[in-house]
Amino acid sequence: MRKIKYKKGRKIQSSTIEYTGIHKDKPTELQLFIYDDLDLTEFERIRVNDLRKSIDLEKVNWLNVHGLNDIDTIKAIGAFLEIDNFILSDILNTTRRTKLDELHDVLFFTIKSILPTENSNNISVEQISFLIKDGILVSFQEKRSDFFTHIRERIRTHSGIVRTKKADYLLYLMLDAVMENFYITIEAEEDKVEDLISLSKVSTNPMILEQIEKHRDNYNFLRRSIVPLRDSLYSIKSIKDDNVFNAIEHENYSFFARLHQKSLELLDQIEDDVVTLESASSFYFSSQNHKMNEVMKTLTIVSAIFIPLTFIVGVYGMNFDNIPELRHPNGYFIVLGVMFCIVLAMIYYFKKRRWF
């Protein structure tokens, strides 16, 4: 059976700075937010050369990078922030799993954003990476999307507490937004699985089993994406206990604990959905077995009816001269009548026993 294959980038060495994703036609654009509780400055499109004079280290700086195809721009951002090349390689290499790294004065987080594909059973995957250094949060997206639109509006309209918090709280909001996509994907999968269960109860079309296998692969892929995210969020606790790294304020660790709890809830939900999917498979095979049993029962009844008729025909087909009814003028019609009565009697008996 054909398995679902997700589009993955070409695997490269960890030191190679090369974009391996599928969105190679997307231009690289930079968007910068500089804000605090009292002031907001927004640059819709900014060049790397203008970052040094634009960034204000007394405020929160959020640099959002849309598109990873321009390697020179990514390298220039790395040089500006003094980021090691292997981190840049992890940002551009979409084959890497979700991970969290604490490197001296840099907190690096990479995550898979997953959404259902319209009119398809496949899943859309995009890698999003985050860097926090010296109060600067840099987010790297493979393409322009609306994952963080509501966060931008909250910053612009001064809604909630985001403008009163540092970059670590902004990272929490962005991770939370990405994790919401997991809920959307799981809910979409659940709706499709419910339809499959209903269909498996009334149909034995082999395509149903193929659809079940596709969704099982989807759930396995979701699990493989969430497990390293859960581990990464849990490792933030060790950063807290080390009391060395100050990229995350002590009072904000509780927000990341919520994300860790969400990851556990997502995994539990996936486990429940896999059990539900197994019931769809059971319904399908039960329906197939029931249909096969009905066919076998019909064939058995037909065979049982014809067994005595075959016996009578066999008896009168013997080539003996002294068969009593052989020369009776109405013998043929009498035998046919007896055979017909036997058929009616057997049908009545089977009906009375409710065998069909």
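Just Arg154, Arg230, Arg52 to compare: in a GNM of the chain, with alpha carbon springs under 10 Å, which one fluctuates most? Maximum fluctuation in the GNM of the chain, among the listed residues, is at Arg52. Karplus-derived 3J(HN,Hα) values for segment 187-200, using 6.51 cos²θ - 1.76 cosθ + 1.60 with θ = phi - 60°, are 5, 5, 5, 5, 4, 5, 5, 4, 5, 5, 4, 4, 5, 5 Hz; glycine and proline are entered as x.
Counting every C-alpha pair in the chain, the share spaced more than 35 angstrom apart comes to 45%. Checking every one of the GluC sites (Glu not before Pro) in segment 248-356 against DSSP loop status and a limit of 13 other Cβ atoms within 10 Å picks out Glu249. Counting only protein heavy atoms and a probe of 1.4 Å, the accessible surface of the chain is 54% carbon and sulfur. Beta bridges assigned by DSSP with both partners in the chain are antiparallel in approximately 85 percent of cases. Here the simple spin-label model places points 7 Å from the Cα toward Cβ, and for Leu326 and Leu103 these points are separated by 10.4 nm. Among Lys53, Lys24, Lys133, the largest mean-square fluctuation in a Gaussian network model of the chain (Cα springs under 10 Å) belongs to Lys53. Per the Debye formula on identical point scatterers at the alpha carbon atoms of segment 82-163, with no solvent, log10 I(q)/I(0) at q = 0.11, 0.15, 0.16, 0.18 Å⁻¹ is -0.39, -0.68, -0.76, -0.90.
Taken per residue, the accessible surface of segment 100-162 reaches 39 Å², heavy atoms only and a 1.4 Å probe. Each residue was assigned an accessible area with a 1.4 Å probe, and for Asp231 the value is about 70 Å². With a Förster radius of 35 Å applied to the beta-carbon distance between Thr310 and Arg354, the computed FRET efficiency rounds to 0.85. Rounded to the nearest whole Hz, the Karplus-based 3J(HN,Hα) values (6.51 cos²θ - 1.76 cosθ + 1.60, θ = phi - 60°) of segment 340-346 follow the sequence 5, 5, 4, 4, 4, 5, 5, with x at glycine and proline.
Accessible surface for segment 306-356, divided over its residues, is 89 Å² per residue with a 1.4 Å probe. Here the gap between Val302 and Asp39, fully extended at 0.36 nm per residue and compared with their Cα-Cα distance, gives a gain of 85.9 nm. Residue pairs exceeding 22 angstrom between C-alpha atoms, taken from Lys59/Lys133; Lys214/Lys291; Lys99/Lys143; Lys26/Lys99: Lys214/Lys291; Lys26/Lys99. For Met292 and Glu210, the difference between the fully extended length at 0.36 nm per residue and the C-alpha to C-alpha distance is 27.5 nm.
The values are calculated or read from the model by the stated rules, or taken from the named source; none is laboratory data. Just so we're clear, the structure is a prediction, and the values are computed from it rather than from any experiment. Positions of Cβ are generated from backbone atoms using ideal geometry, with glycine treated the same way; all protein chains shown enter the neighbour counts. Areas reflect the complete protein model, heavy atoms only, side chains present, ligands, DNA and RNA absent. Shrake-Rupley method; radii C 1.70, N 1.55, O 1.52, S 1.80 Å.
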